[in-house]
Amino acid sequence: MKFVPTSRYPSVTRDLAFVVKRDLPASKIVDVIRRCGKLGKESIVRDVDVFDVYEGEHVGADEKSIALTMTFQSEHQTLTDEQITEVFNTIIEAIQTQCKAVLRSA
């Protein structure tokens, strides 16, 4: 097992929820987040967790809502709110385009 030291820079957590087609796996959204979660060449998305999948009366019969939490952290600097928001918005746009998702809440 490789030892990875704890970053000395703080992490920031943000949540997202999307409505997607029922047959879309949550892993596809997670993959998009990991690919697009970069600031320059550094991947700043440290963790992505799906914390809720909802199917029911508040979404269409062939849809589901997927809620995720993301942790952002740099190995090199304290991230500013502007930097996180820029990457966060890039992630939202990519999910909407690549997964045909509709943003439910951010």
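The values are calculated or read from the model by the stated rules, or taken from the named source; none is laboratory data. All values reported here derive from a predicted model rather than from experimental measurement. Positions of Cβ are backbone-derived with ideal geometry, glycine not excepted, and every protein chain shown enters the neighbour counts. Each accessible area value is taken on the protein alone, full model and side chains, heavy atoms only, with ligands, DNA and RNA left out. Shrake-Rupley method; radii C 1.70, N 1.55, O 1.52, S 1.80 Å.
The table below lists the values:
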{"item": "Members of region 27-39 that are within 20 Å of Tyr9 (Cα to Cα) and open to solvent by less than 70 Å² (accessible area, probe 1.4 Å)", "result": "Gly37, Leu39"}
{"item": "Given (1) part of a strand (DSSP E or B); (2) polar (S, T, N, Q); (3) out of contact with any strand residue (DSSP E or B) (no Cβ under 6 Å at 6 or more places or on another chain), number of the condition Ser65 does not satisfy", "result": "(3)"}
{"item": "Count of residues meeting criterion [without any contact (Cβ under 8 Å) to a residue 40 or more places away in the chain and either among the charged types (D, E, K, R) or open to solvent by less than 70 Å² (accessible area, probe 1.4 Å) (or both)] in region 46-67", "result": "10"}
{"item": "Residue count for region 78-106, restricted to those that are without any contact (Cβ under 8 Å) to a residue 24 or more places away in the chain, among the β-branched types (Val, Ile, Thr) and either part of a strand (DSSP E or B) or under 22 Å from Tyr9 (Cα atoms) (or both)", "result": "2"}
{"item": "Residues that are within 11 Å of the chain's Cα centre (by Cα), of a type outside the set (Phe, Trp, Tyr) and in a strand (DSSP E or B), drawn from region 14-55", "result": "Arg14, Asp15, Leu16, Ala17, Val45, Arg46, Asp47, Val48, Asp49, Val50"}
{"item": "Residues located in region 11-45, provided they are farther than 16 Å from Thr85 by Cβ and in contact (Cβ under 8 Å) with a residue 40 or more places away in the chain", "result": "Ala17, Phe18, Val19, Val20, Lys21, Arg22, Leu24, Ala26, Lys28, Ile29, Val32, Arg35"}
{"item": "Top-ranked residue in region 1-26 [being surrounded by 14 or more Cβ atoms within 10 Å (Cβ to Cβ) and among the aliphatic types (A, V, I, L, M); ranked as nearest to Val59 (Cα to Cα)]", "result": "Val19"}
{"item": "Selection within region 77-104 - in contact with a Ser or Thr (Cβ under 9 Å, 6 or more places away or on another chain) and farther than 17 Å from Ser43 by Cβ", "result": "Arg104"}
{"item": "Matching residues, region 74-100, being surrounded by fewer than 17 Cβ atoms within 10 Å (Cβ to Cβ) and of a type in the set (S, T, N, Q)", "result": "Gln77, Thr78, Thr80, Thr85, Asn89, Thr90, Gln96, Thr97, Gln98"}
